[in-house]
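See structure below.
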Amino acid sequence: MSDAPVLVDTRGAVRLITLNRPAALNSFTGAMHALLMPALEAAAADASVRAVVITGAGRGFCAGQDLTDAAMVTEGGGAPDVGAVIERHYRPLALRMRSMPVPVIAAVNGVAAGAGANFALLADFVLAARSASFIQAFSKIGLVPDCGGTWLLPRLVGRARALGLAMSGDKLPAEEAERFGLIWRCVDDAALMDTAFALAERLAAMPAKALAETRRALDLSAGLPLEDALRLEADTQRELGRGHDFAEGVSAFLGKRPPVFTDR
Ligand code: T3D
C-alpha cells in the first residue's frame, strides 16, 4: 500500500478516499490537505463518479489538525496564525464537502476529533463503527469548533447538546452519536465498509443532481423564512423539472422499469 497521506481508489461509480497517516490517527497536515482537496475536486469533476466514500486507515478516522505540523510552528517560536490555517485549508474543505455534486458518505472507522470530527459531520451520511467516537477536542486546546462545527452542531443536535459537546470536549461514543442524531447510523465494526459501499452504490443509482439540490435546499432553509424557503423549493423544482432525470424518473415509473439517471 502507498504511504501517501491520502489514497484514492475507484470501485465502479464509487470513489473511495482514505486518509492515510495511521500512526498519527490521520491528523491533517499540509501535505494531506494538498492531496485531499484535489481528490475531492477530481471526484466532483468526474462524471463517472456518482458517490464518494471517505474513511481513515488504521484505528482512527482523523484526529483533526496535526498539532506538530509546520503550519502550527512559527520560526521565531511565536504564536501561529491559526486563522490563516483555517482560511487556507478548513474553510475551502468545508465548502467543498457541502457542495459536492454527488452524495458523500463518511465511514468513520475510529476516533474522529477536532476538525476530523467536523470533516466527517460535513458528509451527507455519517456511518460509524461501533468502536468509533466523536470528540469536539477544540476546547481542550483553547479553540472553538472549526471546519464548520459551530454551524453544524446546533443544526444536527440542538443548542444544548451542541454546547455540551463543544464546551466539555467529551468523547461521544458512536452509539450515543446515533441516538443524539449527530450521525446517520452506527454499525458493527466488521460491517462498516460493506455498509458504506452498499449505501454508496444505492445512492450512485439515484438522481445525483436532485440529491445535491436537496442538500443545498436543506442547508439554505435553516436561514430562510418559510416564504423564501417555499420560493427556493419552487425555483429548484422548476430547474430539476426541466432536466433529463425528472423525465427519466417519471418515464421509468410509468414504464415499470428501473430508471437510468445521468444529470449531475
Ligand atoms: O491550525 C489549527 O490548529 C487550526 C485548526 C484546528 C483544527 C483542529 O482540529 S484543533 C484539534 C486538534 N486535535 C486534537 O486536539 C486531538 C488530539 N488528539 C487526541 O486528543 C487523542 O489523540 C485522541 C483522543 C484523538 C485519541 O487518543 P488515543 O489515546 O486513542 O491515541 P493517542 O495515543 O493520543 O494518539 C496516537 C498517536 O497519534 C500519538 O502519537 P505517538 O505518541 O504514538 O507517537 C499522538 O500523538 C498522535 N496524535 C493524535 N492526535 C494528534 C496526533 N499527533 C498530532 N496531532 C494530533 N491532532
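Structure above, values below:
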{"quantity": "Scope region 1-36; condition among the charged types (D, E, K, R) and either in a strand (DSSP E or B) or within 18 Å of residue 209 (Cα to Cα) (or both); matching residues", "calculated": "9, 11, 15"}
{"quantity": "Residue satisfying condition, being more than 16 Å from the ligand (Cβ to nearest atom) and outside the structural domain of residue 24 (by TED's automatic domain parsing), within set 188, 124, 219", "calculated": "219"}
{"quantity": "Pairs where the first residue, in region 37-59, is closer than 24 Å to residue 205 by Cβ and the second is of a type in the set (Lys, Arg) and in a helix (DSSP H, G or I), C-beta under 6 Å, 6+ apart", "calculated": "40/96"}
{"quantity": "Single unsatisfied condition, residue 49 versus (1) within 11 Å of the ligand (Cβ to nearest atom); (2) surrounded by 12 or more Cβ atoms within 10 Å (Cβ to Cβ); (3) at pLDDT 95 or above", "calculated": "(1)"}
{"quantity": "Test result for residue 92, within 17 Å of residue 64 (Cα to Cα), more than 12 Å from the chain's Cα centre (by Cα), surrounded by fewer than 24 Cβ atoms within 10 Å (Cβ to Cβ) and touching a residue at least 24 places away in the same chain (Cβ under 8 Å)", "calculated": "yes"}
{"quantity": "Residue in region 59-75 that is near the ligand (Cβ under 9 Å from one of its atoms) and assigned to a helix (DSSP H, G or I) present", "calculated": "yes"}
{"quantity": "Index of the failed condition, residue 112 passing every other in (1) within 16 Å of the ligand (Cβ to nearest atom); (2) at positive phi", "calculated": "(2)"}
{"quantity": "Failed condition for residue 70, given (1) surrounded by fewer than 15 Cβ atoms within 10 Å (Cβ to Cβ); (2) at pLDDT 95 or above; (3) of a type outside the set (D, E, K, R)", "calculated": "(2)"}
{"quantity": "Options 84, 39: the member that is away from the ligand (no atom under 16 Å from the Cβ) and in a helix (DSSP H, G or I)", "calculated": "39"}
{"quantity": "Among (1) modelled with pLDDT under 95; (2) under 22 Å from residue 219 (Cβ atoms), the one test that residue 79 misses", "calculated": "(2)"}
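The values are calculated or read from the model by the stated rules, or taken from the named source; none is laboratory data. Note that the coordinates shown come from a computational prediction; the quantities given were computed from them, not determined experimentally. So basically every Cβ, Gly included, is an ideal-geometry build from the backbone, and we count neighbours across all protein chains shown.
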